[in-house]
Amino acid sequence: MNTIDYLRISVIDRCNFRCSYCMPEDVSLSYLPPQAVLSDRELLFLVQEVFLPLGINKFRITGGEPLLRHRIVDLIRAIAQLPKVGDLSLTTNGYFLSELATPLYQAGLRRLNISLDSLDPQIFAQITGRDRWQQVWQGILAAYEVGFSPLKLNVVVMPHVNEHEVLDLAALTLNRPWHVRFIEFMPIGNTARFESEGWVTSADLRTKLRDRFGLSEGQCLGNGPADVFQIPGALGTVGFISQMSECFCDRCNRLRLSADGWLRPCLLNESGQVNLRDALRQGTDATALQQIVRDLITAKTPINFKERDRGTQSTYSRTMSQIGG
Ligand code: SAM
Ligand code: SF4
């Protein structure tokens, strides 16, 4: 059993983008009513009184688009100030960073993952459903200038859409200490597209990058879900998150908390989830909540995504935006 010390916290299920792999325009989603979402006070209680005492001290704030949440900077500051928080990071589509990079940094956040699926504004618009490449690029530059480090750029590789851009995206790491991570497209959110177009394997991308830049095969730097490499002479790194082709359950150290309080042992395993919000609102005390989380961790079993039934809405009934990607 791995040590579970990492929690991804979704603070909102809504988003201002409609990425074709996540919340495609033609899929209607029902959003949580405000009262269903964990409040700042409830979230802070869970972090301070339930997760930290269990040794879960690394947190990633995500969504939906987390920067859409009301008073997100205050929430980040409150979490960052809690004693024993070992690591705090945030995943965003970057749209609000021009405005929020500085306040977030001042609030104590240091690590950012920003989604950037294309360097071409038209392809970006095609993927995200929004003509906002410039704002996102400006947001990335703002975050870099403010001093966020490491600064990671997430790319979901879609066959026939942005697949041809991987070399240019990897080249972003040559002159800046940025970490570009290529993520295999999963059958969550847009299963129809997944079934019709499939996904691009990390192995294919690695071959392309090796041929062009001379990545050395044995030079893996990471110990998380990403296999991380460095182009010779580059300031940054390139990573591959290969949950479709290379099961990494044996390295998994995480749990996920959705905006409405569902604690999941696994992105793909809805069967073991528990609702901490309901337990909390029914008056369950911190000790009993800790035991609920302990039991869930004990029951956490490896799942090989590759060998699972690949993606139907019934198998994966929530999108990444709803689970907290
Ligand atoms: N809105 C923020 C963003 O886009 O970075 C945070 C939430 S988003 C759900 C978190 C991550 O999930 C993003 O990096 C996104 O690319 C990834 N994601 C969403 N749907 C996916 C899918 N079907 N396959 C692979 N990655 C996906
Ligand atoms: Fe929004 Fe992020 Fe999903 Fe794109 S991947 S639709 S930005 S939640």
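Show the residue pairs that are 6+ apart or on different chains and have beta-carbon atoms under 9 Å apart, the first residue being within segment 80-100 and within 16 Å of ligand 1 (Cβ to nearest atom), the second being among the acidic types (Asp, Glu) and open to solvent by less than 20 Å² (accessible area, probe 1.4 Å).
So the pair list comes out as 92/65; 93/65; 95/65; 96/65.
If we scan segment 186-195, do we find a residue that is without any contact (Cβ under 8 Å) to a residue 40 or more places away in the chain and away from ligand 1 (no atom under 15 Å from the Cβ)?
Just the residues of segment 186-195 that are without any contact (Cβ under 8 Å) to a residue 40 or more places away in the chain, to begin with: 192.
Checking which are away from ligand 1 (no atom under 15 Å from the Cβ) leaves us with none.
Within segment 186-195, none of the residues are without any contact (Cβ under 8 Å) to a residue 40 or more places away in the chain and away from ligand 1 (no atom under 15 Å from the Cβ).
Report whether or not residue 228 is touching a strand residue (DSSP E or B) at 6+ places or on another chain (Cβ under 8 Å), open to solvent by 10 Å² or more (accessible area, probe 1.4 Å) and within 22 Å of residue 58 (Cβ to Cβ). Write out each step before concluding.
Details: touching a strand residue (DSSP E or B) at 6+ places or on another chain (Cβ under 8 Å): yes; open to solvent by 10 Å² or more (accessible area, probe 1.4 Å): yes; within 22 Å of residue 58 (Cβ to Cβ): yes.
Considered against the rule, which asks whether it is touching a strand residue (DSSP E or B) at 6+ places or on another chain (Cβ under 8 Å), open to solvent by 10 Å² or more (accessible area, probe 1.4 Å) and within 22 Å of residue 58 (Cβ to Cβ), residue 228 comes out as yes.
Take the conditions in contact with a Leu (Cβ under 8 Å, 6 or more places away or on another chain) and within 16 Å of ligand 2 (Cβ to nearest atom) and apply them to residue 116. Does it pass?
On the way: in contact with a Leu (Cβ under 8 Å, 6 or more places away or on another chain): yes; within 16 Å of ligand 2 (Cβ to nearest atom): yes.
Taking the combined requirement at face value, the residue satisfies it.
Output yes when any residue across segment 128-150 is touching a residue at least 60 places away in the same chain (Cβ under 8 Å) and among the β-branched types (Val, Ile, Thr), and no when none is.
First pass over segment 128-150, keeping only residues touching a residue at least 60 places away in the same chain (Cβ under 8 Å): 128-130, 132.
Checking which are among the β-branched types (Val, Ile, Thr) leaves us with 128.
Checked segment 128-150: at least one residue is touching a residue at least 60 places away in the same chain (Cβ under 8 Å) and among the β-branched types (Val, Ile, Thr).
Any idea which of (1) within 17 Å of the chain's Cα centre (by Cα); (2) within 14 Å of ligand 2 (Cβ to nearest atom); (3) open to solvent by 10 Å² or more (accessible area, probe 1.4 Å) is the one residue 132 doesn't satisfy?
Looking at each condition in turn, residue 132 falls short on (1).
For residue 154, work out the one condition from (1) closer than 26 Å to residue 176 by Cα; (2) open to solvent by 10 Å² or more (accessible area, probe 1.4 Å); (3) away from ligand 2 (no atom under 13 Å from the Cβ) it doesn't fulfil.
(3)
Collect the residues in segment 137-158 that are under 17 Å from the mean Cα position of the chain (by Cα) and either part of a helix (DSSP H, G or I) or charged (D, E, K, R) (or both), keeping them in residue-number order.
140, 152, listed by residue number.
Here's a check for you: in segment 271-297, which residue that is polar (S, T, N, Q) and modelled with pLDDT under 95 is farthest from the chain's Cα centre (by Cα)? Walk me through it before giving the result.
Taking segment 271-297 as the starting set, the residues that turn out to be polar (S, T, N, Q) are 271, 273, 275, 282, 284, 287, 290-291.
Filter once more, so that each one left must be modelled with pLDDT under 95: 271, 273.
Working: 271: 21, 273: 19 Å.
Among those residues, the one meeting the criterion is 271.
For residues in segment 1-28 being in a loop (DSSP other than H, G, I, E, B) and among the hydroxyl-bearing types (Ser, Thr, Tyr), which is nearest to ligand 1 (Cβ to nearest atom)? Talk me through it step by step, then tell me what you get.
As a first pass, look at segment 1-28 and keep what is in a loop (DSSP other than H, G, I, E, B): 1-5, 11-28.
Narrowing further to those that are among the hydroxyl-bearing types (Ser, Thr, Tyr): 3, 20-21, 28.
Working: 3: 24, 20: 9, 21: 4, 28: 17 Å.
Restricting to residues being in a loop (DSSP other than H, G, I, E, B) and among the hydroxyl-bearing types (Ser, Thr, Tyr), the top hit is 21.
Does residue 161 meet the test of being within 15 Å of ligand 1 (Cβ to nearest atom), in a strand (DSSP E or B) and either open to solvent by less than 30 Å² (accessible area, probe 1.4 Å) or touching an Asp or Glu at 6+ places or on another chain (Cβ under 6 Å) (or both)? It would help to see each step written out before you state the result.
Working: within 15 Å of ligand 1 (Cβ to nearest atom): yes; in a strand (DSSP E or B): no; either open to solvent by less than 30 Å² (accessible area, probe 1.4 Å) or touching an Asp or Glu at 6+ places or on another chain (Cβ under 6 Å) (or both): yes.
When the stated conditions are applied, residue 161 does not pass them.
Could you check segment 173-197 and list, in sequence order, the residues that are part of a helix (DSSP H, G or I) and surrounded by 19 or more Cβ atoms within 10 Å (Cβ to Cβ)? Break it down into steps so the answer makes sense when it comes.
First, the residues of segment 173-197 that are part of a helix (DSSP H, G or I): 173-175, 191-197.
Hits for segment 173-197 are 173, 191, 194.
The values are calculated or read from the model by the stated rules, or taken from the named source; none is laboratory data. It should be emphasised that the depicted structure is a prediction, and the values quoted were computed from it without experimental measurement. Virtual Cβ from ideal backbone geometry, glycine too; neighbours counted across all protein chains shown. All accessible areas refer to the heavy atoms of the entire protein, side chains included, with ligands and DNA or RNA removed. Shrake-Rupley method; radii C 1.70, N 1.55, O 1.52, S 1.80 Å.
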